[in-house]
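Please treat every number below as a calculation from the coordinates, not as lab data. Computed from a predicted structure; not experimentally measured. Neighbour counts run over all protein chains shown; Cβ positions are idealised from the backbone, glycine included.
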């Protein structure tokens, strides 16, 4: 099994059967150790992107409540590092959620990043280290 930090894309794909990576995401979810680590910006993006699926939004709350997802990051504790990442990747441009996931990967060395976002192929932790990904590429 694998420990993971989850990005927005897989959460949306897990609930949205019309999403092109739905099946792949569901398969990967079965291979991952619970809890999946998440940050609040990822949850906010996911809730927004699932706004037309109220049952999916409720199910997302359920994953938090039952411990399958765990909030494991507080933005206010990492503002300087997030700001530096945002500046470094301003040409991408990097979202707050992406910066938080990169910072979480720096803090949680034993976790891979579960994402559908190709920007994570470019992002580096600690400036030069590739991030270990669970990615459909």
Tell me yes or no: at least one residue of the stretch 113-126 is touching a residue at least 40 places away in the same chain (Cβ under 8 Å) and either over 15 Å from the mean Cα position of the chain (by Cα) or in a helix (DSSP H, G or I) (or both).
yes
Among the candidates 37, 63, 11, which residue alone is surrounded by 15 or more Cβ atoms within 10 Å (Cβ to Cβ), part of a strand (DSSP E or B) and in contact with a helix residue (DSSP H, G or I) (Cβ under 9 Å, 6 or more places away or on another chain)?
37
Of all residues in the stretch 40-59, how many are under 23 Å from residue 94 (Cβ atoms) and assigned to a helix (DSSP H, G or I)?
10
Please determine, by comparing only the residues of the stretch 71-97 that are in contact with a helix residue (DSSP H, G or I) (Cβ under 8 Å, 6 or more places away or on another chain) and outside any loop (DSSP other than H, G, I, E, B), which one is surrounded by the most Cβ atoms within 10 Å (Cβ to Cβ).
85
Can you tell me which of (1) farther than 20 Å from residue 124 by Cβ; (2) touching a residue at least 60 places away in the same chain (Cβ under 8 Å) is the one residue 60 doesn't meet?
(2)
